[in-house]
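Working notes for the structure below.
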Amino acid sequence: MAYRDFNKPDQTPSKTDPSGTGAGRTVDTRLVGGSMALRREHGTATQLTGTYLHDPIFNDADLVALKAWCDPADPRPLVVEIGFQRARFARAFCEANPDVRYLGFEIRKKFCEDADAWLVRGGVVNARLALVDARACLPMVVQPGTLDTLLAFFPDPWWKSRHMKKRLVSGDFVAEAADLLKIGGQLLVKTDVEGYADWAEAEMRSDARFEVARLDDPAADLPPTQRERACGLHGRPTWAVRAVRLIGG
Ligand SMILES: C[S@@+](CC[C@H](N)C(=O)[O-])C[C@H]1O[C@@H](n2cnc3c(N)ncnc32)[C@H](O)[C@@H]1O
């Protein structure tokens with residue numbers, strides 16, 4: 001399925017708060033809930049309880065704990081997934097790879113709490129979950145050049161042209177990924193929307209620090225996500241684009 005309107009989106013990062021109450025403060029319209037700083041200032045702290053759960057927007061200790069989890073001095077590979085939702089991938093991946101550090105981001109509280117319970121039941125010990133827009137938090141907790149793998153599986157397509165700027169994969173996102181990944185590290189995007197795969201590939205190719213390729217078999221090597229499993233069951237095609245961080249650039 002191709003995008004109905006496949007134009008370059010408006011990448012304008014911010015606009016003046018239309019309510020006028022912020023006296024010139026800006027709102028990043030791409031982020032869910034706006035920037036972390038604004039949410040902290042004006043939002044209500046989330047009541048989150050769980051074994052692996054972190055609320056880095058409202059809880060300083062959680063932000064510190066996530067930074068410690070991503071400490072580059074830790075020799076275990078660091079793998080980040082954006083939008084883990086039902087955590088089907090997270091649980092299978094963590095169980096199969098007990099020597100990696102998994103960090104998952106999700107913007108929905110219910111998914112965070114359900115995922116936490118599922119990971120605890122599975123006896124997983126190498127996962128941390130953060131309730132926050134990954135784009136706002138990733139550069140705060142991961143040091144440049146220290147990330148092994150960044151996974152974005154079946155991100156929301158944001159079909160309408162006026163919503164294009166909300167798409168996870170964008171020029172800014174790709175540049176941030178290139179900054180954070182190690183040499184040889186990878187950004188992997190999977191989708192069941194062919195137009196989104198085209199879109200993601202073009203955005204990834206726009207950064208000279210990446211070598212970009214489509215995977216012949218999107219389902220190979222890694223456990224399936226919830227959506228990927230549903231696609232398989234219904235015979236729906238999927239696509240995967242991988243960008244590997246090159247030396248230099
Ligand atoms: C279409 S679902 C796919 C879920 C899962 N990856 C799968 O393949 O089954 C996209 C998920 O990403 C989450 N999400 C969207 N944007 C996000 C962001 N910027 N940071 C963290 N999570 C995000 C949404 O809440 C949603 O749960």
- [ ] For the stretch 234-243, indicate whether the set of residues that are more than 15 Å from the ligand (Cβ to nearest atom), within 17 Å of F154 (Cα to Cα) and either in contact (Cβ under 8 Å) with a residue 60 or more places away in the chain or charged (D, E, K, R) (or both) is non-empty.
- [x] yes
Open item on the list: Looking at the stretch 38-50, can you tell me whether even one residue there is in contact with a Leu (Cβ under 7 Å, 6 or more places away or on another chain), in contact (Cβ under 8 Å) with a residue 24 or more places away in the chain and within 16 Å of the ligand (Cβ to nearest atom)?
Closed with: yes
Task: Sole exception among (1) in a helix (DSSP H, G or I); (2) within 10 Å of the ligand (Cβ to nearest atom); (3) not small (G, A, S) for L151, by number - done: (1)
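Just to be sure, is Q186 modelled with pLDDT of 95 or more, more than 16 Å from the ligand (Cβ to nearest atom) and either in contact with a Lys or Arg (Cβ under 6 Å, 6 or more places away or on another chain) or at negative phi (or both)? I'd like the intermediate steps shown before the answer.
Working: modelled with pLDDT of 95 or more: yes; more than 16 Å from the ligand (Cβ to nearest atom): yes; either in contact with a Lys or Arg (Cβ under 6 Å, 6 or more places away or on another chain) or at negative phi (or both): yes.
Answer is yes for this residue.
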Open item on the list: For the list (1) touching a Pro at 6+ places or on another chain (Cβ under 8 Å); (2) farther than 17 Å from L168 by Cα; (3) of a type outside the set (V, I, T), I need the number of the one condition that G83 fails.
Closed with: (2)
TODO: Output the residues belonging to the stretch 116-151 that are of a type in the set (G, A, S), more than 11 Å from the chain's Cα centre (by Cα) and under 15 Å from L187 (Cα atoms).
DONE: G145
Task: Top-ranked residue of the stretch 79-89 - restricted to ones that are in contact with a strand residue (DSSP E or B) (Cβ under 9 Å, 6 or more places away or on another chain) and not in a helix (DSSP H, G or I), ranked as farthest from the ligand (Cβ to nearest atom) - done: V79
Task: Residues (within 16 Å of the ligand (Cβ to nearest atom), farther than 20 Å from D156 by Cβ and over 14 Å from the mean Cα position of the chain (by Cα)) located in the stretch 90-115 - done: R91, A92, F93, C94, E113
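The values are calculated or read from the model by the stated rules, or taken from the named source; none is laboratory data. None of these values were measured; they are calculated from a predicted model. Because the Cβ atoms are built from the backbone with ideal geometry, glycine has one as well, and the counts that use them run over all protein chains shown.
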